[in-house]
Amino acid sequence: MNTDTHAAHADDHHHDDGHAHGTFSTYMLGFVLSVVLTAIPFWLVMSGTLPSKQITALVIMVFAVVQIVVHMIYFLHMSPKSENGWSMMALIFTIVMVVIALSGSLWVMNHLNSNMMPIHEMTGMK
């Protein structure tokens, strides 16, 4: 194996198993994006910048979905080309499951909040 072939092989960041592997810079970019995508929603909640709780929850869900995609791309190395598209199917399945879990959780929390018995009604039950 000559040095040109070896250099081309190293530039692709592929090993003999056919899976793509990241470099230090791609891992660091993924880490920085993850920190930013965590810090912005935290700041939005702590500062109360957005006018309503519903808008805040929606923005946080959007940031969560974007962060899942960042993790899948930068840390799990998923792309439409890898594993003949099965990785893309896994991404679509993950997004569907996250939407179901988040919307179901919000629905349950809203239902519980609207159906809770007020404290003043509980004191008259004695």
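Read-outs: derived from the displayed coordinates by stated rules, not from any lab. Just so we're clear, the structure is a prediction, and the values are computed from it rather than from any experiment. Every residue, glycine among them, receives a Cβ derived from its backbone with ideal geometry; neighbour counts consider all protein chains shown.
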Q) Residue by residue through region 35-40, which ³J(HN,Hα) values in whole Hz follow from phi under the Karplus form 6.51 cos²θ - 1.76 cosθ + 1.60 (θ = phi - 60°), with glycine and proline marked x? A) 5, 5, 6, 8, 5, 5
Q: Please identify which residues in region 66-81 have an amide N closer than 19 Å to a label point set 7 Å out from the Cα of Y27, following the Cα→Cβ vector.
A: 70-79
